[in-house]
Amino acid sequence: MTKITAKKKEMIFEEDKYMNSCHASTVLPLEDGTVVAAWFGGTAEGSNDVTIWYSRRKDGLWRSPKKVFVTETMPHWNPVLFQKKDGTILLYFKYGKKVRSWKTYLSYSYDKGKSFSVPKELVPGDDGNGRGPVKNKNVRLKDGTVLAPASSEKHKASWKCFVDISEDDGETFTKSNYVLRPKNTGLPVRMIQPTLWESDEGVHMLVRTNSGYIYRSDSRDKGKTWKKAYKTEYMNPNSGIDLDKLSDGSLVLISNPTSENWGARAPLTLMRSFDNGKTFTEFIKLEAAAGCEHEFSYPAIVAVGMKLYITYTYERKTIAYWEIEIE
């Protein structure tokens, strides 16, 4: 049983005020109460004018968004925020005309998200379709190792997941093995955009797939190698998911629980697990509207104590933000 003790919903900016289209947000709450969010936006996804945008929430108000970009002549994609132990904020994102030619770039903020540095390539010369986190946040393990949930879409038929491992708090990375994919209707399941968590049993991932369901894989060696992925009972319409662990050890998953491949990215719900992700129970619909005419997608979730910080794409017109406290 999950009890919601407080909740609030806001839009980070007015629809159509700064950009025609936006998508793929990331959220980072800071110790002083500031919240930083980022997303990509421009004319339309994949347009050359699409850059990374970011905003800060301070004293209950979102500041006017600002841009980060490599150039304004090539599309930017999928920002991910992460804070180092020294307080520096890292902003990872993808850059390239097509998904298969993505490179990952990294920008720094030393002033709690007020400004970001000129981006640099994360792994210079890498041709593996992008390194570091692909959509969801890094996870810092108990021993300090940082794991970035990664995936490759270099070849459409072979979407596959891996983890990038950092021993210097998110600056440089070494790849794990690719997660072995099971077959569905005779073909390997396409899997991308993992979300990670650590437990006493090891490290685990849930992943977006093209099979109509979320799949899972597990690692016993801190993310270096991964077991063959397996199907869960939780529906996924080939849309992004995210998950985080609360201070009581339970997990909260945010997703679009419909099953049709490339189906509706609505409704958007929160589900909670008390058994390390074996079973989840829905406790709130953040967006109850259903059907392909709606889109509430690519969510990001961060848990601090028993409080959840959430952002997601709202009809491609703005980014929605929630704070939810639960018991």
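Summary of computed values
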item	result
Hits in the range 11-60 - residues which are in contact with a Phe, Trp or Tyr (Cβ under 9 Å, 6 or more places away or on another chain), part of a loop (DSSP other than H, G, I, E, B) and not β-branched (Val, Ile, Thr)	Phe13, Glu15, Tyr18, Met19, Glu45, Gly46
Residue that is nearest to Gly170 (Cα to Cα) [pool: residues in the range 66-99 that are over 19 Å from the mean Cα position of the chain (by Cα) and of a type in the set (D, E, K, R)]	Lys85
For Tyr108: the one exception among (1) of a type outside the set (Gly, Ala, Ser); (2) buried (at least 22 other Cβ atoms within 10 Å of the Cβ); (3) assigned to a strand (DSSP E or B); (4) out of contact with any Phe, Trp or Tyr (no Cβ under 6 Å at 6 or more places or on another chain)	(2)
Contacts under 6 angstrom Cβ, first residue in the range 131-158 being in contact (Cβ under 8 Å) with a residue 24 or more places away in the chain, partner part of a helix (DSSP H, G or I), 6 or more apart	Glu153/Val99; Lys154/Arg100
Matching entry among Lys67, Lys58, Lys85 (being among the basic types (Lys, Arg) and under 27 Å from Gly144 (Cα atoms))	Lys85
Meets criteria (closer than 22 Å to Glu323 by Cα and either in a loop (DSSP other than H, G, I, E, B) or at pLDDT 95 or above (or both)) for Pro299	yes
Conditions (1) touching a residue at least 12 places away in the same chain (Cβ under 8 Å); (2) farther than 22 Å from Ser297 by Cα; (3) more than 16 Å from the chain's Cα centre (by Cα); number of the one not met by Arg63	(1)
Pairs, first surrounded by fewer than 10 Cβ atoms within 10 Å (Cβ to Cβ) in the range 1-15, second of a type outside the set (A, V, I, L, M, F, W, C) and in a strand (DSSP E or B), C-beta under 9 Å, six or more apart	Met1/Thr281; Ala6/Lys307; Ala6/Glu323; Ala6/Glu325; Glu14/Thr318
Any pair with Cβ under 7 angstrom, 6 or more apart, that starts in the range 106-129 at a residue that is of a type in the set (Val, Ile, Thr) and ends at one that is surrounded by 13 or more Cβ atoms within 10 Å (Cβ to Cβ)	Val123/Thr104; Val123/Arg131; Val123/Phe173
Answer from Thr195, Thr225 - the residue that is under 22 Å from Glu167 (Cβ atoms), at pLDDT 95 or above, of a type in the set (Ser, Thr, Tyr) and in a strand (DSSP E or B)	Thr195
Residues being touching an Asp or Glu at 6+ places or on another chain (Cβ under 6 Å) and either among the polar types (S, T, N, Q) or touching a residue at least 40 places away in the same chain (Cβ under 8 Å) (or both) - total across the range 210-251	1
Within the range 27-56, considering residues that are hydrophobic (A, V, I, L, M, F, W, C) and within 15 Å of Tyr314 (Cα to Cα), the one surrounded by the most Cβ atoms within 10 Å (Cβ to Cβ)	Ala38
Members of the range 117-158 found to be surrounded by 23 or more Cβ atoms within 10 Å (Cβ to Cβ), part of a loop (DSSP other than H, G, I, E, B) and not polar (S, T, N, Q), listed by number	Leu122, Gly130, Arg131, Gly132, Pro133, Val134, Lys135, Lys137
So Thr172, is it assigned to a strand (DSSP E or B), closer than 28 Å to Thr311 by Cβ and over 18 Å from the mean Cα position of the chain (by Cα)	no
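Conditions tested, residue by residue: (1) among the hydrophobic types (A, V, I, L, M, F, W, C); (2) at pLDDT 95 or above.
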| position | (1), (2) |
| --- | --- |
| Phe93 | yes, yes |
| Ser115 | no, yes |
| Val139 | yes, yes |
| Ala157 | yes, no |
| Asp168 | no, yes |
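Residues are listed down the side, and each one gets a yes or a no for (1) over 18 Å from Pro299 (Cβ atoms); (2) within 19 Å of the chain's Cα centre (by Cα); (3) buried (at least 24 other Cβ atoms within 10 Å of the Cβ):
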| residue | (1), (2), (3) |
| --- | --- |
| Val203 | yes, yes, no |
| Leu206 | no, yes, yes |
| Ser219 | yes, no, no |
| Lys222 | yes, no, no |
| Tyr234 | no, yes, no |
| Asn238 | no, yes, no |
| Leu243 | no, yes, yes |
| Ser255 | no, yes, yes |
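The values are calculated or read from the model by the stated rules, or taken from the named source; none is laboratory data. On a predicted model such as this, the values are computed, not experimentally measured, just so you know. Every residue, glycine among them, receives a Cβ derived from its backbone with ideal geometry; neighbour counts consider all protein chains shown.
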